[in-house]
1. Using 18 Å as the cut-off for backbone N distance, which residues of segment 479-495 belong to the label zone defined by a point 7 Å from the Cα of residue 279 along Cα→Cβ?
2. Which whole-Hz couplings ³J(HN,Hα) result when phi for each residue of segment 119-126 is put into the Karplus expression 6.51 cos²θ - 1.76 cosθ + 1.60, θ = phi - 60°, listed in order with x for Gly and Pro?
3. Per 0.36 nm of contour for each residue apart, how much would the distance between residue 461 and residue 76 grow if the chain were fully extended, relative to their Cα-Cα spacing?
4. May I ask which of 480/536; 249/314; 202/314; 351/405; 48/176 have a Cα-Cα span longer than 23 Å here?
5. Return the aspartates and glutamates within reach of residue 101: Cα separation strictly under 15 angstrom, same-chain partners fewer than 8 residues apart disregarded; answer none if there are no such residues.
6. Hey, what did the chain get for relative contact order, percent, Cα under 8 Å, at least 6 apart?
7. In vacuo Debye scattering of segment 133-217, one point per C-alpha: log10 I(q)/I(0) at q = 0.11, 0.14, 0.19, 0.24 Å⁻¹?
8. Where the only charges are on Cβ atoms (+1 Lys, Arg; -1 Asp, Glu), what is the dipole of the chain about its Cα centre, to the nearest 20 debye?
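The values are calculated or read from the model by the stated rules, or taken from the named source; none is laboratory data. Quantities reported herein were computed from a predicted structural model and do not represent experimental measurements. Methodologically, a virtual Cβ is constructed for each residue, glycine included, from the backbone with ideal geometry; neighbour enumeration extends over all protein chains shown. Note: areas computed on protein heavy atoms with side chains; ligands, DNA, RNA excluded. Shrake-Rupley method; radii C 1.70, N 1.55, O 1.52, S 1.80 Å.
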Amino acid sequence: MTEQLERDSMEVDVVIVGAGPSGLAAACRLMQQANEAEQELTVCVVEKGSEVGAHILSGAVFEPRALDELFPDWAERGAPLTTPAVRDELYLLKDADKAQKLPNALVPKTMHNTGDGTTRYVISAGNLCRWLAEQAEELGVEIFPGFAAQEAIVEDEVVKGIVVGDMGVGADGQPKDGYMPGMELRARYTLFAEGARGHIGKQLIERYQLDAGKDPQHYGIGLKELWDVPAEQHEPGLVLHGSGWPLDKHTHGGWFLYHAENQQVVVGLIMDLAYQNPWISPFDEFQRMKHHPVLKPYLEGGSRVAYGARAIAKGGLNCLPKMTFPGGLLIGCDAGTLNFAKIKGLHTAMKSGMVAAESVFEAIAAADEDDTGGAELTAFEQRWQASWAYKELEASASFGPAIHKYGTVGGGAFNFLDQLTGGKLPRVHDTTPDHARLKPAAECEKIEYPRPDGKISFDKASSVFMSNTNHEEDQPTHLKLTDPELPIRDNLPEYDEPAQRYCPAGVYEVVEGDDGQPQFRINFQNCVHCKTCDIKDPAQNITWVAPEGGGGPNYPNM
């Protein structure tokens, strides 16, 4: 019914979907070029979060190379980079009590954050994006938070813009009081910067076969908490990384603990979604990990002030799709530009947006007045491959696949030698999608996780509360099941329905129905927009789409 109503339409030169690092860097660079050339240009950024930064979650130790290029005077402009990384420590956790600190000489050089002449910073990625949005608006960019792009406008196989999702639709699909149909934003070029597993990006990759000849994208789930800690436990700029316990040898990942400003510590776990055991709960692995003697002393006596989770596109160069299509580009983590060898993606995402902006502006500046755009930006590929960001991905193309193939220790040794020889070892590939890795529950050891103590470890319900997640309850669920019967019919007997455990927010439950039979319940109001379900469901039966604009987490300072 709602699609039959006439939509308002607005025409601009460039629409950017997502106010993350890549989208905002692209917006800033576009307007910088337009202002320098004294050329009129309309650039619009839509952001599904209630405000810029509300959905941004990253570690993060930030390498400012792209920012140095975009705003050389970023310090004078007040960029929120105030805590330089001053000391690195890397640990292998052997069990619940023991750990081995690795000497710097054995740490792959990409993992070093100090001692190489480059100053890196412990930052809030959300606050960086808030600052970038301010710079973009000063340059003349229009930013619309609370507007969720729902689909691409495609005409004659050319992307012509986006449709913003309707507001005020009830759970029954019918308009409520105050209903507003979504607007069409039409553009000469559209840049998709939705982050990892962007739902429109996913559709475009399939429609234009952008991943032809590429390895399937690989993902991790990143879980993060922000803590206020006592002054005596806080060392601004201390950066800790580690791997090993509590993950088993078939489950890869690593943890981080960064000392930020204002007596705050960020702690998190990144776990590969290529894991095999369906009994695994990434959330509970993270909670018990914090009790290890290497981490616990930094948190004890402190208080947790925020929680969040997000999927990470970590496949690297082998999985990077073609980023251009008629009428637009995929940039940042929507394409998968993160350099997992560095555990960093903000700088490469920003650079991809800047390269995209230069390609778009060149095409618009060279076009006739009546040119409506839509040509494929073929110049982008050459520019992108000549960039330092692409060369970073090229140098670390085997990093993730080697860990998948040889394990955390073996893969680490391979990557150490690969970096030592300047990338001369044969390229490693992983062609098995993450969702296809799960083994039947009967073949795997069931895991009994310890109860949270409410001081260091916590449950999902209190954690979701700390994410400030909110969705209007009377709206259609944004978690779509292709076959509603499949979770109970197939996934429950085969895998004990792993959605109960891989979701870090308690969205999915198997409950007893009125007839005494199991039922699959979706608590979409809890969703923190991590996209793990879209990635890990073994039958690929769950599709994540954007809910009504403004819904989801509201991360402060993450």
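1. The answer is 492-495.
2. Karplus values, whole Hz, x for Gly and Pro: 8, 10, 10, 7, 9, 9, 5, x.
3. 134.4 nm
4. 351/405
5. 88, 89
6. Result for the chain is 21 percent.
7. -0.43, -0.67, -1.03, -1.22
8. Taking the Cα centre of the chain as origin, the dipole is about 2620 debye.
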